[in-house]
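K.L.:
Before I ask anything, here is the structure I am working with.
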Amino acid sequence: MKGNALLIAAGVAVGYVAGQLILGVSNGIIAPLIGAAINKDNFIDSSFSINGNSIQYGYLIALAIALLLALALLSRRTRST
């Protein structure tokens with residue numbers, strides 16, 4: 001039982017690091033490329049306001065890109081085994 005718990009803990013740690021890496025690629029590489037394509041310096045901070053409330057759509061899009069990258073990597077990994 002101890003070995004299984006250790007494997008689960010290691011899996012959680014590796015998953016967290018992989019998630020941070022994917023988020024870094026999304027925020028550090030893909031979002032600036034999108035910003036360059038639409039002539040914005042910092043795409044992640046893109047927002048609009050409705051009745052004085054700011055809606056940050058750039059950050060949401062960056063997170064969606066990170067999620068799609070993670071899903072693509074997971075689906076590729078599960079297909080190869």
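The values are calculated or read from the model by the stated rules, or taken from the named source; none is laboratory data. These figures come from a predicted structure and were not determined experimentally. As a convention, Cβ positions derive from the backbone with ideal geometry for all residues, glycine included, and neighbour counts pool all protein chains shown. Ligands, DNA and RNA are stripped out before the accessible areas are found, and what is left, the full protein with its side chains, is counted by its heavy atoms. Shrake-Rupley method; radii C 1.70, N 1.55, O 1.52, S 1.80 Å.
K.L.:
Based on this model, can you work out whether G28 counts as at pLDDT 85 or above and either assigned to a helix (DSSP H, G or I) or in contact with a Cys (Cβ under 6 Å, 6 or more places away or on another chain) (or both)?
P.N.:
yes
K.L.:
Right, another one. Among the residues of region 69-79, is there at least one that is surrounded by 14 or more Cβ atoms within 10 Å (Cβ to Cβ) and in a helix (DSSP H, G or I)?
P.N.:
Quick first cut of region 69-79, residues surrounded by 14 or more Cβ atoms within 10 Å (Cβ to Cβ) only: 69-70.
Restricting the remaining residues to those that are in a helix (DSSP H, G or I) gives 69-70.
For region 69-79, residues surrounded by 14 or more Cβ atoms within 10 Å (Cβ to Cβ) and in a helix (DSSP H, G or I): present.
K.L.:
A further question on this structure: Going by the structure shown, is L63 part of a helix (DSSP H, G or I) and either open to solvent by 70 Å² or more (accessible area, probe 1.4 Å) or touching a Phe, Trp or Tyr at 6+ places or on another chain (Cβ under 9 Å) (or both)?
P.N.:
Considered against the rule, which asks whether it is part of a helix (DSSP H, G or I) and either open to solvent by 70 Å² or more (accessible area, probe 1.4 Å) or touching a Phe, Trp or Tyr at 6+ places or on another chain (Cβ under 9 Å) (or both), L63 comes out as no.
K.L.:
I'd like the full set of residues that are farther than 17 Å from L71 by Cβ and among the aliphatic types (A, V, I, L, M), limited to region 15-33.
P.N.:
Answer for region 15-33, where residues must be farther than 17 Å from L71 by Cβ and among the aliphatic types (A, V, I, L, M): V17, I29, A31, L33.
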